[in-house]
Amino acid sequence: MNIKPLIVLSIFVLVALGCKNTSEDATVELITVEEMDSLLKMEDVVLVDVRTPKEYTEGHIESAINIDFRDDNFEALIAKVDKSKPVAVYCGRGGRSGKCSAYMKKAGFTKIYDLDGGITEWKFKGKKVTR
């Protein structure tokens, strides 16, 4: 019996199992308004408003970029965001940002924060919006 093929196969299996998929390493963290406020002050975070351009112009969190989750080009637009940086997303109440976060995780983003309650909760807590 030739043992070399068995050794080669064993090494291949160990290497394959040892490799991790980056999307499995990615985390999505649902955060409160207070946590988002602190995060924006402390960390170099890309802030993404995934609402429509009309919603965005009616008031958004300062420094947010607008990438409409429902836009036909959403995947191409979100792909331009630096995947290695932490990204915080929000929408009106949390539905679109939740879907966006799940997509971003699959797309290889490494750290994603999702504002619980969206901009509605942000305003309810008395936080400032920019027009």
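The values are calculated or read from the model by the stated rules, or taken from the named source; none is laboratory data. Keep in mind that what you see is a predicted model, and the values were worked out from it rather than measured. Positions of Cβ are backbone-derived with ideal geometry, glycine not excepted, and every protein chain shown enters the neighbour counts. Note: areas computed on protein heavy atoms with side chains; ligands, DNA, RNA excluded. Shrake-Rupley method; radii C 1.70, N 1.55, O 1.52, S 1.80 Å.
Restricting attention to the stretch 29-63 and to residues that are open to solvent by 40 Å² or more (accessible area, probe 1.4 Å) and of a type in the set (A, V, I, L, M, F, W, C), the residue that is modelled with the highest pLDDT turns out to be 30. Being in contact (Cβ under 8 Å) with a residue 60 or more places away in the chain and touching a helix residue (DSSP H, G or I) at 6+ places or on another chain (Cβ under 9 Å) holds for only one residue in 33, 89, and it is 33.
The set of residues from the stretch 88-103 being under 12 Å from residue 31 (Cα atoms) and under 8 Å from the mean Cα position of the chain (by Cα) comprises 88, 89. For residues that are assigned to a loop (DSSP other than H, G, I, E, B) and touching a Phe, Trp or Tyr at 6+ places or on another chain (Cβ under 8 Å), scanning just the stretch 22-63, find the one that is nearest to residue 97 (Cα to Cα). Of everything passing the filter in the stretch 22-63, 50 is nearest to residue 97 (Cα to Cα). For residues in the stretch 104-131 being within 16 Å of residue 51 (Cβ to Cβ) and surrounded by fewer than 15 Cβ atoms within 10 Å (Cβ to Cβ), which is farthest from the chain's Cα centre (by Cα)? So the residue we want is 131. Within the stretch 64-97, being buried (at least 19 other Cβ atoms within 10 Å of the Cβ) and outside any loop (DSSP other than H, G, I, E, B) holds for 78, 87, 88, 89, 90, 96, 97.
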